[in-house]
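What follows is a set of notes on a single structure, which appears directly below.
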Amino acid sequence: MTEREVLLNPNKLVRHLQKPAAEFTKDDILKFIDDQQIELLNLKYVAEDGRLKTLNFVITSKEHIDAVLSTGERVDGSSLFSYVHADRSDLYVIPRFKTAFVDPFAQIPTLNILCSFYTADGLPLESAPEHILRKAHADFKDSTGYTFKAMGELEYYIRSEVDDLYPAPRQKGYHSSAPFTNWEHLRIEAMQLIAQSGGKIKYGHSEVGFFSTETHAYEQHEIEFMPVDVEDAVDQLVVAKWILRMLGQFYNVQISFAPKIAVGNAGSGLHIHMLLEKDGENKMIENFALSGVARKMIAGLLEYASPLTAFGNSIPTSYLRLVPHQEAPTMICWGDSNRSVLVRVPLGWVAETSMIKDANPQQKGTIPYIPGKQTVEFRAADGSADLYHLLAGMLVAAKHGLLDEKALEKAEQLYVNVDIFDEAKKTFWKSWITCPSPAGSRPNRSKNTGPPSKPTAFSRRERSTALYGC
């Protein structure tokens, strides 16, 4: 990590210790506690309900806190997990030093560290959600040779008292600026605190959803993250949800990650972007087009789409969101820049362009091409998601796609390049099913090249349309 990277990093431990969080050791944590006169240590961990739990330690001596950081502490596993029995319920919580951050809400100097669960034998708790994800990623790397990076788009509503000074039109809140959005300051404050807590944020903005009753307004926002190792991606989402709820309590407003609050109004999803990396290089693009390994991964996600909803859409209202005309998926298919599909390939910077120099004719010299931004996006999940298990399932699905010899063919068969909810396309869909085209070579699915030439493509997809029961 360069000096500039340290200075720009908002995490106070990174700045003080002059090293990346991934390299933090116990001695580093002790040094920070001593130098910054930290008075309280919180060990935090995620149990079966997906929320952060907390164990507080008042720091009374260096020996005391050294012992906590060296050995962790005991907790009652039967109160944290339904499948841990009372007759053998003791578990250890062991801090993961790289997750340490200064608590932004504490009244005294406080350090938070996320933990993993271990058994009485000193082994990782095999059924712990965090460990399942860690195992899945290790198996993915061993089986495929790739690192799986991911990030989430965290959508949420803020429920507050009505403010009629600048009323927003219903369902027209996308990218609004203050004063036409009332809670931009809360979102920005959340972004700052998440970044200080180790989260890698891409950007934030107000979202489409806005509606009101006589007494309350419901305003939708989104915070989007940067791709990081999949384990870190989940950790930062868990911490981000905690920070947003804490700010909601401070401002006396309700923060809701519910998939659907009111029928006819935008629901809140938790879209997951992902990419495959090898030797530090993004492998989603090849020869300026979507790569074969990317399409294989998409095929795996589509094949495992149904079981993935068990983890990504865990409550009844999840399925009120997955309806037509709400930019939420209802069919197992994928496409380029298409918000009506299950897996979307977002617009990417796949080739050198002159856009910056065109918009800024005064710019002199060469603008460097920055590769590696391409991801694919799984659009089904929502705020009810069991995050560690969802991402573990996505790793299993991606692995299946990469190792499946027929994955490219399956991906081709489930590709679409039109809005599947467009009423004008109904005749097109019927002709696709009933009027086979002459046999020929299959089209290149790396770009928008039109519908597949064989009727079996939609026939397979049609058999899968009951995925979400909507």
How many residues are among the charged types (D, E, K, R), in a strand (DSSP E or B) and under 17 Å from Q192 (Cα atoms) if we restrict to the range 214-251? 2
Looking at the structure I just gave you, is G145 assigned by TED's automatic domain parsing to the domain that holds E281 and in contact with a His (Cβ under 8 Å, 6 or more places away or on another chain)? no
Within the range 282-318, the residues that are of a type in the set (V, I, T) and surrounded by fewer than 24 Cβ atoms within 10 Å (Cβ to Cβ) are I285, V293, T309, I315, T317
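One line per residue, one yes/no per condition, for (1) assigned by TED's automatic domain parsing to the domain that holds I332; (2) modelled with pLDDT under 95; (3) surrounded by 11 or more Cβ atoms within 10 Å (Cβ to Cβ):
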position: F378; (1), (2), (3): yes, no, yes
position: K399; (1), (2), (3): yes, no, yes
position: F428; (1), (2), (3): no, yes, yes
position: P438; (1), (2), (3): no, yes, no
position: P443; (1), (2), (3): no, yes, yes
position: K447; (1), (2), (3): no, yes, yes
Take the range 269-314 and flag every residue that is under 18 Å from E409 (Cα atoms), under 20 Å from the mean Cα position of the chain (by Cα), outside any helix (DSSP H, G or I) and not aliphatic (A, V, I, L, M). Y304
Are there any helices (runs of 4 or more DSSP H) wholly within the range 334-428 with 2 or more residues that are in contact with a helix residue (DSSP H, G or I) (Cβ under 6 Å, 6 or more places away or on another chain) and under 28 Å from Y157 (Cα atoms), and if so which? 387-403
Within the range 331-360, restricting attention to residues that are β-branched (V, I, T) and touching a residue at least 60 places away in the same chain (Cβ under 8 Å), which residue is surrounded by the most Cβ atoms within 10 Å (Cβ to Cβ)? V341
Filter the range 19-35 down to the residues that are surrounded by 13 or more Cβ atoms within 10 Å (Cβ to Cβ) and more than 14 Å from K62 (Cβ to Cβ) and list them by number. K19, P20, A21, F24, T25, D28
Residue in the range 315-357 that is nearest to the chain's Cα centre (by Cα), counting only those that are within 19 Å of A411 (Cα to Cα) and of a type in the set (V, I, T): V343
So G198 fits all but one of (1) at pLDDT 95 or above; (2) crowded, with 19+ Cβ neighbours inside 10 Å; (3) in a strand (DSSP E or B); what number is the exception? (3)
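The values are calculated or read from the model by the stated rules, or taken from the named source; none is laboratory data. Quick caveat: nothing in here was measured; it's all calculated off a predicted structure. Reconstructed Cβ throughout: ideal geometry from the backbone, glycine too, with neighbour counts over all protein chains shown.
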